[in-house]
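Undergrad: The structure under discussion is supplied below as structure tokens; questions concerning it will follow.
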Amino acid sequence: MTNPKPIVLLGGGAREHAMAWKLTRDGATVHVLPGNGGIPNSHPDISATDFPAIQQFCEQHGVQLIVVGPEAPLAAGVVDYFAGSDIRVFGPSRAGAVLESSKVWSKNFMRRHGVATAMSWQYRSDKLDEARAKATELDGQVVVKYDGLAAGKGVYVCSSVAEAQAALDDLQQQHTGWFSFLLEEKLVGPEISIIGVTDGNRVRLLAPSQDHKQLLAGDLGPNTGGMGAYCPVPFCDDNVLAAIRTSIVDPTLLGLQNEQFDFKGFLYFGIMLTEQGPKLLEYNVRLGDPEAEVLLPALESSLLELIEATLDGKLQQTVVRQRRGFYVGVVLASGGYPAAQFPTGFPITGLDELHPSILAFHGATKQQNGELVTTGGRVMVVVGHGEELEEAVSHVYREAERVKFKDVYIRTDIGQRPEPTLAGNW
């Protein structure tokens, strides 16, 4: 590309830092709204959902392309707001974003279009007693899902009646007033993330990746927004990918076409590989976090060219090329995360001691009185590379220990799950 125009990237987490890093390497000039203390060209005074302020910024800086990181601006209709203007937005319309913003609607979409997924039962907050009875009938082997956006924390995976009842109690406490939710059968198998770029007709998939949602090693403890990720996934071979395309990706694309969504953006498939074959757990309408932090360093192709080809209707002319080896990202979290409240504002040191090959994507940091401090739960993601997965794991953990702040917490087994044996009627 020659003389690319400046672009605006909406968001302020480690995913957006990784996106800004990649787009800058692709030759773009990236302004991040609001950004954070570690992302160059951050503009902390502009919210990612303040569309008039974003429009004014774009007009002042000659920006004609907006790339969206998090789900909130998409669910709020940023694509619809700029429709008809000279500013293009990479992401689905509000109607398309409902694939993520409503678990109930999304599940009904899967059923309408024959996407392989778990059995489920829909309830409203005034029918909690019925949901409790159903959870007991299923011996507590259920997943409770809040219908709306919950920053990755609206899902409860239960293994007993007591856990299911506690999840429903927590759901009731977290959400006042009327709300809806799902009970799903609990599926068993390894979970992977398949993320692609789509224009609603075609899709170009990035490398398979695997997130680690639970706080503690061994997949124990509460769900978080993600404690780390790696890519590619060794057991997700061509046969597995072919089954995923047939039972999940292709029916989804047909559904998007049949329902005539204006969908030009990232599409995330959260998938469990069960004995009966791949089953879709959820859609996201954006890059995953922390998956983006390993997927983008692994992407050799230009992300900017993929985005522009999608918006220009030329996605079919693109090819996705991946770099060799493995990428592993570990989250450095604040002590007390993912509780609702925990102390922040602690100075961060050691970043200047990292090996030059290591990437550090900031998630919850800011500059305060001349020093970098923590502002939230997932403070940053440190990413390492290796020709083999074990090499990447060893490298990233050795380097992550150099970064210090008070009560820093790191899950110790990212990328180290035992490789599963995939069996069953595929």
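The values are calculated or read from the model by the stated rules, or taken from the named source; none is laboratory data. Given the structure is predicted, the values throughout are model-derived calculations rather than measurements. Glycine also receives a Cβ, built like all others from the backbone with ideal geometry; neighbour counts cover every protein chain displayed. SASA here: full protein model, heavy atoms, side chains in, ligands and nucleic acids out. Shrake-Rupley method; radii C 1.70, N 1.55, O 1.52, S 1.80 Å.
Undergrad: For the stretch 314-424, build the charge dipole from Cβ charges (+1 Lys, Arg; -1 Asp, Glu) around the Cα centre, then report which of Gly325, Thr412, Val379 sits farthest towards its positive end.
TA: Checked the options; the winner is Val379.
Undergrad: Taking DSSP loops as anything outside H, G, I, E and B, show the longest stretch in the chain free of GluC sites (Glu not before Pro) there with at most 15 other beta carbons within 10 Å. Show your work: numbers first, answer last.
TA: Numbers: sites that count: Glu259, Glu275, Glu300, Glu387, Glu388, Glu401.
Value returned for the longest uninterrupted segment is 1-258.
Undergrad: Across the stretch 31-48, in residue order, what do the Karplus-derived ³J(HN,Hα) couplings come to in whole Hz, using 6.51 cos²θ - 1.76 cosθ + 1.60 with θ = phi - 60° and x for Gly and Pro?
TA: 9, 10, 10, x, x, 7, x, x, 9, x, 6, 7, 10, x, 7, 10, 6, 5
Undergrad: Sticking with this structure for a sec: In a Gaussian network model over the chain where Cα atoms closer than 10 Å are linked, find which of Phe57, Phe266, Phe90 has the largest mean-square fluctuation.
TA: Phe57
Undergrad: Still on this model: Give the label of the value calculated from the structure for volume of the Cα convex hull per residue in Å³, choosing from (i) 167; (ii) 145; (iii) 191.
TA: Correct label is (ii).
Undergrad: Something else about it: Have a look at Ser85, Val68, Met110 and report the one farthest towards the positive end of the charge dipole of the stretch 35-117, computed about the Cα centre with Cβ charges (Lys/Arg +1, Asp/Glu -1).
TA: Among Ser85, Val68, Met110, the one farthest towards the positive end of the dipole of the stretch 35-117 is Met110.
Undergrad: Between Leu254 and Ala53, what is 0.36 nm times their sequence separation minus the Cα-Cα distance? Round to one decimal in nm. Each step should come with its number before you reach the end.
TA: On the way: separation 201, 0.36 × 201 = 72.36 nm, distance 3.62 nm.
Here the segment from Leu254 to Ala53 would lengthen by 68.7 nm.
Undergrad: Let me ask another. Amide H neighbours of Leu281 under 5 Å, at least 5 residues apart or on other chains, H built in the peptide plane: list them.
TA: Correct list: Gly270, Ile271, Met272.
Undergrad: With the crude spin-label approximation of a point 7 Å out along Cα→Cβ, what separation in nm comes out for Ala217 versus Asn369?
TA: For Ala217 paired with Asn369, the spin-label model returns 3.6 nm.
Undergrad: Using Cα centres only, tell me the gap between the stretch 98-137 and the stretch 228-250 in whole Å.
TA: Distance between centres, Cα-based: 25 Å.
Undergrad: Another question about this same structure. When the Karplus curve 6.51 cos²θ - 1.76 cosθ + 1.60 is applied with θ = phi - 60°, which whole-Hz ³J(HN,Hα) does each residue of the stretch 201-209 get, with x for Gly and Pro?
TA: Each residue of the stretch 201-209 in turn: 10, 10, 9, 10, 8, 7, 5, x, 9 Hz.
Undergrad: In addition: How many nm separate the modelled label positions at Ala340 and Val320, each set 7 Å beyond the Cα in the direction of the Cβ?
TA: Simple spin-label model gives 3.8 nm for this pair.
Undergrad: Report, in debye and to the nearest 20, how large the dipole of the stretch 16-152 comes out about its Cα centre when Lys and Arg carry +1 and Asp and Glu carry -1 on their Cβ. Provide the component values of the computation, followed by the final result.
TA: Details: 13 positive and 15 negative charges, 102 e Å.
Dipole magnitude for the stretch 16-152 comes out near 480 debye.
Undergrad: Where is the GNM fluctuation largest for the chain (alpha-carbon springs, 10 angstrom cutoff): His385, His362, His113?
TA: His113
Undergrad: Check the straight Cα-Cα distances from Lys213 and name the lysines below 27 Å, setting aside those fewer than 8 residues away within the same chain.
TA: Answer for Lys213, where 27 Å is the Cα cut-off: Lys22, Lys103, Lys107, Lys134, Lys145, Lys153, Lys186, Lys279, Lys366, Lys404, Lys406, listed by chain and number.
Undergrad: Compute the accessible area per residue over the chain, keeping the other protein chains in place, probe 1.4 Å, unit Å². List each step's numbers first, then the result.
TA: Details: 17740 Å² over 426 residues.
With the other protein chains kept in place, the chain gives 42 Å² per residue.
Undergrad: Quick check for me: using +1 on Lys/Arg Cβ and -1 on Asp/Glu Cβ, what's the dipole size of the chain about its Cα centre, in debye to the nearest 20? All intermediate terms of the calculation are to be shown ahead of the outcome.
TA: Values: 36 positive and 50 negative charges, 89 e Å.
Magnitude of the dipole: close to 420 debye.
Undergrad: Check which residues have an amide H placed less than 5 Å from Leu9's amide H, if you skip close sequence neighbours.
TA: Those lying under 5 Å, H to H, from Leu9 are His31, Val32, Leu33, Val67.
Undergrad: To continue, here is another question. What is the magnitude of the charge dipole of the stretch 209-279 about its Cα centre, with +1 placed on the Cβ of each Lys and Arg, -1 on the Cβ of each Asp and Glu, and no other charges, expressed in debye to the nearest 20? Could you put the intermediate results ahead of the total?
TA: On the way: 4 positive and 8 negative charges, 26 e Å.
Around 120 debye, computed over the stretch 209-279.
Undergrad: Could you run the Karplus curve 6.51 cos²θ - 1.76 cosθ + 1.60 with θ = phi - 60° over the stretch 400-417 and give me ³J(HN,Hα) per residue in whole Hz, x for Gly and Pro?
TA: 4, 5, 6, 8, 10, 7, 4, 6, 4, 10, 10, 5, 9, 10, 5, x, 10, 5
Undergrad: Return the distance in nm (one decimal) between the two label points of a simple spin-label model at Ala83 and Arg25, each offset 7 Å from Cα along Cα→Cβ.
TA: 3.5
Undergrad: OK, next. Would you rank Ile39, Ile410 by solvent-accessible area, highest first, keeping every protein chain in place and using a 1.4 Å probe? Numbers along the way, then the final one.
TA: Values: Ile39 10, Ile410 40 Å².
Sorted by accessible area, descending: Ile410, Ile39.
Undergrad: Running a GNM on the chain with Cα contacts under 10 Å, which residue among Ala76, Ala333, Ala364 ends up with the highest mean-square fluctuation?
TA: Ranking Ala76, Ala333, Ala364 by mean-square fluctuation puts Ala76 first.
Undergrad: Students sometimes get this wrong: rank Thr365, Thr29, Thr246 by accessible area, probe 1.4 Å, all chains present, largest first. Provide the component values of the computation, followed by the final result.
TA: On the way: Thr365 5, Thr29 65, Thr246 100 Å².
Largest to smallest exposure gives the sequence Thr246, Thr29, Thr365.
Undergrad: Stretch His61-Met119 to full length: gain in nm at 0.36 nm per residue minus the Cα-Cα span? Please report the intermediate quantities before stating the final value.
TA: Details: separation 58, 0.36 × 58 = 20.88 nm, distance 4.92 nm.
Value of the extension gain: 16.0 nm.
Undergrad: With a 1.4 Å probe and every protein chain kept in, tell me what percent of the accessible surface of the chain is carbon plus sulfur. Display every interim value, and only then the final one.
TA: Details: 8410 of 17740 Å².
Carbon-and-sulfur percentage of accessible area, whole number: 47.
Undergrad: Using modelled amide H (1.01 Å from N, peptide plane; none on Pro or chain starts), what sits under 5 Å from the amide H of Asp262, excluding residues fewer than 5 places away?
TA: Counting only residues 5 or more places away or on other chains, the set is Ser93, Gly96.
Undergrad: Of all beta bridges DSSP finds with both residues in the chain, what is the antiparallel percent, to the nearest 5?
TA: 80
Undergrad: May I pose another question? Just want the answer: with Cβ charges of +1 for Lys and Arg and -1 for Asp and Glu, which residue in Leu256, Ser180, Gly218 is farthest toward the dipole's positive end in the stretch 142-289?
TA: Going by the Cα projections, it comes out as Leu256.
Undergrad: How far is the Cα center of the stretch 272-322 from the Cα center of the stretch 357-426, in Å?
TA: Centre-to-centre distance over Cα atoms comes out at 21 Å.
Undergrad: If I stretch the segment between Ala133 and Leu311 completely, what's the gain in nm (0.36 nm per residue apart, minus their alpha carbon distance), one decimal? If you can, show how the numbers build up before the last one.
TA: On the way: separation 178, 0.36 × 178 = 64.08 nm, distance 4.79 nm.
My answer for the length gained is 59.3 nm.
Undergrad: At 1.4 Å probe size, put Tyr409, Tyr146, Tyr327 in order of accessible surface, largest to smallest.
TA: Numbers: Tyr409 65, Tyr146 45, Tyr327 25 Å².
Of Tyr409, Tyr146, Tyr327, the descending order of accessible area is Tyr409, Tyr146, Tyr327.
Undergrad: Would you kindly find the accessible area of Arg202, with a 1.4 Å probe and non-protein molecules such as ligands, DNA and RNA excluded, rounding to the nearest 10 Å²?
TA: Only protein atoms counted, so the area is about 100 Å².
Undergrad: On the full set of protein chains, 1.4 Å probe, figure out the accessible area of Leu10 and give it in Å² to the nearest 10.
TA: Using a 1.4 Å probe on the heavy atoms, I get roughly 0 Å².
Undergrad: Still on this structure, please answer the following. Can you give the accessible area of Arg323, probe radius 1.4 Å, in Å² rounded to 10?
TA: Counting only protein heavy atoms, the figure is 90 Å².
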